[in-house]
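Reviewing the structure listed below.
Just so it is clear, none of the values below were taken in a lab; they were calculated from the coordinates. It should be emphasised that the depicted structure is a prediction, and the values quoted were computed from it without experimental measurement. In this analysis, Cβ positions are derived from the backbone assuming ideal geometry, glycine residues included, and neighbour counts consider all displayed protein chains.
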Amino acid sequence: MRRSTRQGVVRDDDGLLFLRVLGELVAVRFAGPAAREQVRQTWSRCVVPPPVDAAGTVPTIRSTESDLPLTRALAHRLTHDLTDLGIDLLAGRAVLLHAAGLSRPGGEVVALVASSGTGKTTAAAALAAAGFGYVTDETVAVLEDGTVPPFPKPLSVRVPKDGPLPRENPEDPDEKVHVGPDALGLQRCSDELRLTGVLLLDRDPALVGRPWLERLDPLKAATALVGHTSALTRLPRPLHRLAALATCGAGVHRAHYAEARDLEPLLHALLDAPSASPPPALDLWSCDAARMPSGGLGSHREGGLVRAQVADGIRTRDGAVLLVGTDPVTLSPLGLTLWDAARAPTDLAALVAAAVAEHGPHPSARELVAAAVETLLDAGVLVRA
């Protein structure tokens, strides 16, 4: 029996270990039992029985050609490759947040969003040891219906200098080891999960006073979350998918706190009052009409200005945010007026006239519009025909 892999074809034999990664069935092929059993223990909550349909294909990666246990570096590499494979399989179908996930027994999930190396894993371990279910410490996938597939992968923790674990690299003060959630005694999560809220972690060790939550409106939420996602532009209407997270359940909040232990009461507060502070109304504006037709620039005069092609956009009363490539660009009311006026190739004089008609006369109107145009050109929102 053969299975398709990313590197060719492998045999369906005892060297395979099957896992659920972000809800998707994948397999790892090992050269010997030592590494396979090592991964079976650290990934115990993701391991599943071999599929009944042996004729089907399962995405498979190869761990190593050696039959020895994996080094810490190879274990890190395998975790990275498995996560990347799961992300690739879900791309275009789920919002993939760089986040830790914690849950309650009823399946309510809060995603803790933060950049790598800023304490997501530490916070996830502390909260899951305190009674929250451990969903994941790295990637929270939110499907279109709001459900979240569990991804209880091993956690990457630092090796203490004077701890019981030996160091493989004494020169690395930040050496890490993968430890399974069972070994850490973390609470299990439900099999059926749904996203209830999102916390953007804003840790300030010098914060004085009680930790607090700041609810973000959909526009700010979408802008803040763009840089904490994977494969975002493969989603249809990606900004709208992010903005929708701010309008469902408890919404999107920024957590202001000093230490990881401060997060526990914030999570309870978020989950206990999911309908508090509803966000303002949002016009989910379609950017479809803004997409440039093929060859549209070639027939216009040199030096004209026209909208660039964008992936998505959201409009509010105070402006808009556009997704230019993978970068969010916020437009002021003047910037939005110029964007609207540049639906077809135009020039500076026409843009000045549009600005005056929308915002009223100003003695420096031409200079202000020219400066705004240069800003929009630099941001890639406008291009020269």
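Below, the figures for the structure above:
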{"item": "For LEU200, residues with placed amide H under 5 Å, excluding near neighbours", "result": "VAL113, HIS253, ARG254, ALA255"}
{"item": "Ordering of 304-312, 202-210, 257-265 by burial proxy (mean other Cβ atoms within 10 Å per residue, highest first)", "result": "304-312, 257-265, 202-210"}
{"item": "Ranked list, fewest to most other Cβ atoms within 10 Å of each Cβ, for ILE314, ILE87", "result": "ILE87, ILE314"}
{"item": "Amide hydrogen neighbours beyond the local backbone of LYS153, cut-off 5 Å, H modeled", "result": "ASP137"}
{"item": "Cβ-based exposure ranking for ASP217, ASP67, in which fewest neighbours within 10 Å come first", "result": "ASP67, ASP217"}
{"item": "At R0 = 51 Å, FRET efficiency that the Cβ-Cβ distance of ARG210 and ASP327 yields, to 0.05", "result": "0.90"}
{"item": "Gain in span if fully extended, ASP67 to ALA371, counting 0.36 nm per residue against the direct Cα distance", "result": "103.1 nm"}
{"item": "Amide H within-cut-off set for GLN309, under 5 Å, with H built and near neighbours excluded", "result": "MET292"}
